[in-house]
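Chemist: Can you read through this structure? Questions will come right after.
The values are calculated or read from the model by the stated rules, or taken from the named source; none is laboratory data. Predicted model, so just to flag it, every value in this text is computed and none were measured. We place every Cβ from the backbone using ideal geometry, glycine too, and count neighbours over all the protein chains shown.
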Amino acid sequence: MSSTVWPYPKTIAHRGAGKLAPENTLAAIRHGVALGYRATEIDVKLSGDGVSLLMHDDGVNRTTNGRGFVANKSWRELASLDAGAWHSAAFTGEPIPTYGNVVAYCRANDVLLNTEIKPSTGRERETGAAVALETQLLFSDAAIKPLLSSFSTDALIAARDAAPDLPRAHLFKNPLPDDWLARCKQVDAVALDANWLTLTERIVQTAHDNGLAVACYTCNDLAAAEKLWAWGVDSIITDAVDVIAFRR
Ligand code: G3P
Ligand code: MG
């Protein structure tokens, strides 16, 4: 895929600013922006009462001061949690943001989004449809829409059925499954989104030959990133926003 039809930059911050700030918070995205990043990947799932919010894990234990599962809590409960103190004292009091909060910030600050649909276990279709519909609404007048991605084929199918015009990427873990191309086609993806360690020049070429762009996560080494770009990888998702300078 040529860069003229792939509107996303060569570098995308992972979870806002990788590990430099509490992942998937507005503070993290602002930190990435302060370092020059104008694109970020985020993980989006639903509260028990259907509010879309940023969180990687099914549970809140690792990244907040709460206990339990996101899917078992209302947005009101989740909004009262501290999602910053676990990282470092400087971020104490940082809240879990809603997807809407983050979209408002990103649109106001020219930050592009790669919205990873990260469903709580068992809520794949519901989350795919809800996140796609909300994205469509929030970006109806935007020139560049978020790239929706997911490891869940079911979530991506639901996203496609809800908002067919939004671009989608199929995420895969390492190793890349043999049927990666068929699964990308199954969800009408515009891109393969692979673990960078699983990529080869030949895979990148095969994706491009089939009209797919290639994104990869989570590459934190500049020399490795340079090799991936030389192979034709379109975007790398990185934690190392302080080491790998933002590139359009
Ligand atoms: O979207 C790329 C990457 O974030 C996928 O892995 O576990 O960090 O969400 P994970
Ligand atoms: Mg992610």
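Chemist: Please go through (1) surrounded by fewer than 21 Cβ atoms within 10 Å (Cβ to Cβ); (2) touching a residue at least 24 places away in the same chain (Cβ under 8 Å); (3) closer than 29 Å to residue 21 by Cβ; (4) out of contact with any Gly (no Cβ under 7 Å at 6 or more places or on another chain) for residue 91 and return the number of the only condition it doesn't satisfy.
Modeler: All conditions pass for residue 91, except number (4).
Chemist: How many of the residues in the range 147-172 are within 12 Å of ligand 1 (Cβ to nearest atom) and either of a type outside the set (S, T, N, Q) or not in a loop (DSSP other than H, G, I, E, B) (or both)?
Modeler: Total satisfying the criteria: 9.
Chemist: Step by step: first the residues of the range 134-148, then only those that are aliphatic (A, V, I, L, M) and surrounded by fewer than 16 Cβ atoms within 10 Å (Cβ to Cβ), then the one that is nearest to residue 42 (Cα to Cα). Which residue is that? Full working, then the answer.
Modeler: We begin by selecting, within the range 134-148, every residue aliphatic (A, V, I, L, M); these are 137-138, 142-144, 147-148.
Now restrict to residues that are surrounded by fewer than 16 Cβ atoms within 10 Å (Cβ to Cβ): 137, 142-144.
Details: 137: 18, 142: 18, 143: 20, 144: 16 Å.
Residue satisfying both the conditions and the ranking: 144.
Chemist: Is it the case, given these coordinates, that residue 63 is without any contact (Cβ under 8 Å) to a residue 12 or more places away in the chain and among the polar types (S, T, N, Q)?
Modeler: Spelling it out, it is not the case that residue 63 is without any contact (Cβ under 8 Å) to a residue 12 or more places away in the chain and among the polar types (S, T, N, Q).
Chemist: Here's something else I'd like to know. List, please: which pairs have Cβ atoms under 7 Å, are six or more places apart or on different chains, and start with a residue in the range 39-56 that is more than 18 Å from residue 169 (Cα to Cα) and end with one that is of a type in the set (Gly, Ala, Ser) and surrounded by 22 or more Cβ atoms within 10 Å (Cβ to Cβ)?
Modeler: Between residues of the range 39-56 that are more than 18 Å from residue 169 (Cα to Cα) and residues that are of a type in the set (Gly, Ala, Ser) and surrounded by 22 or more Cβ atoms within 10 Å (Cβ to Cβ), the close pairs are 46/52; 46/130; 50/130; 52/130; 53/47.
Chemist: Among the residues of the range 152-171, which ones are under 22 Å from residue 211 (Cβ atoms) and surrounded by fewer than 19 Cβ atoms within 10 Å (Cβ to Cβ)?
Modeler: 153, 161, 164, 165
Chemist: Among the listed residues 5, 103, 33, identify the single one that is away from ligand 1 (no atom under 16 Å from the Cβ), β-branched (Val, Ile, Thr), touching a strand residue (DSSP E or B) at 6+ places or on another chain (Cβ under 9 Å) and modelled with pLDDT under 95.
Modeler: Only one candidate qualifies: 5.
Chemist: Moving on to the next point. For the list (1) over 15 Å from residue 6 (Cα atoms); (2) touching a residue at least 40 places away in the same chain (Cβ under 8 Å); (3) assigned to a strand (DSSP E or B), I need the number of the one condition that residue 194 fails.
Modeler: That leaves (2) as the condition not met.
Chemist: Taking the range 199-231, which residues are more than 16 Å from ligand 2 (Cβ to nearest atom) and β-branched (Val, Ile, Thr)? Lay out the reasoning, then the answer.
Modeler: Pass one, the range 199-231, residues more than 16 Å from ligand 2 (Cβ to nearest atom): 199-214, 221-231.
Once the filter is applied, which keeps residues that are more than 16 Å from ligand 2 (Cβ to nearest atom) and β-branched (Val, Ile, Thr), the range 199-231 yields 200, 203, 204, 206, 214.
Chemist: All but one of (1) in a loop (DSSP other than H, G, I, E, B); (2) among the charged types (D, E, K, R); (3) crowded, with 19+ Cβ neighbours inside 10 Å hold for residue 67; which doesn't?
Modeler: (3)
Chemist: Check off (1) basic (Lys, Arg); (2) closer than 21 Å to residue 170 by Cα; (3) in a loop (DSSP other than H, G, I, E, B) for residue 62 and give me the number that stays unchecked.
Modeler: With respect to (1) basic (Lys, Arg); (2) closer than 21 Å to residue 170 by Cα; (3) in a loop (DSSP other than H, G, I, E, B), residue 62 is out only on (2).
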